[in-house]
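Each remark here refers to the structure printed beneath this line.
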Amino acid sequence: MFRNKLLNIMIIILLGISLIGVIALVTVDKFYADESTEEPTIDEIIKYSIDFDEMTTNLQSGGYVRLKMKVQTDSKKATEELLKRDFQVQNIVIHQIASKTASDFEGGKGLTQLEEEIQQKINEVMQDGEIVKVYTTSFLLQN
């Protein structure tokens, strides 16, 4: 190719370094790109959400709470799993509410905190996917 061996070696080294750089760029772009930058559409939220029947349970302070929830998952597999875990979700909700008092629900923070606690507890038992959000669709507190 070239008469100078040093020039041949330099060209081969430069081509090798360039090839490694291209491979590194493709790998980083493919595996570390943020895929979930978009907010889901309302159709996707509905597709991956489950409505739970109305539940009534006692409060620690003596009153009771009646509520309905919609739980949003991140995939079809997670939705199917959540349907199978219906009894576990109801158990989690009952335990979370039974540990509260009526004063825990004063203001908007109490209900938001309950939703976050329920989400965390359900995610602990989920194996395929996770819970994105828990929505309270009906809430009645009787003291």
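The values are calculated or read from the model by the stated rules, or taken from the named source; none is laboratory data. For clarity, every value in this text was computed on a predicted model and none was experimentally measured. Please note: Cβ atoms are built from the backbone with ideal geometry, for glycine as well, and neighbour counts cover all protein chains shown.
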Selection within the range 76-108 - without any contact (Cβ under 8 Å) to a residue 40 or more places away in the chain and farther than 20 Å from residue 131 by Cβ: 104, 106, 107, 108
Helices (runs of 4 or more DSSP H) enclosed by the range 44-143 - at least 3 residues per element that are more than 16 Å from the chain's Cα centre (by Cα): 86-98, 107-125
Per-region count, the range 1-48, residues modelled with pLDDT under 85 and of a type in the set (Ser, Thr, Tyr): 3
Verdict on residue 134 being at pLDDT 95 or above, in contact with a Ser or Thr (Cβ under 7 Å, 6 or more places away or on another chain) and under 19 Å from residue 49 (Cβ atoms): no
Residue count, the range 67-99 (criterion: closer than 14 Å to residue 114 by Cα and buried (at least 17 other Cβ atoms within 10 Å of the Cβ)): 8
Of residues in the range 34-59 being among the polar types (S, T, N, Q) and touching a Lys or Arg at 6+ places or on another chain (Cβ under 6 Å), the one surrounded by the most Cβ atoms within 10 Å (Cβ to Cβ): 49
Enumeration of residues in the range 105-123 that are out of contact with any Leu (no Cβ under 9 Å at 6 or more places or on another chain), among the β-branched types (Val, Ile, Thr) and within 16 Å of residue 90 (Cβ to Cβ): 118
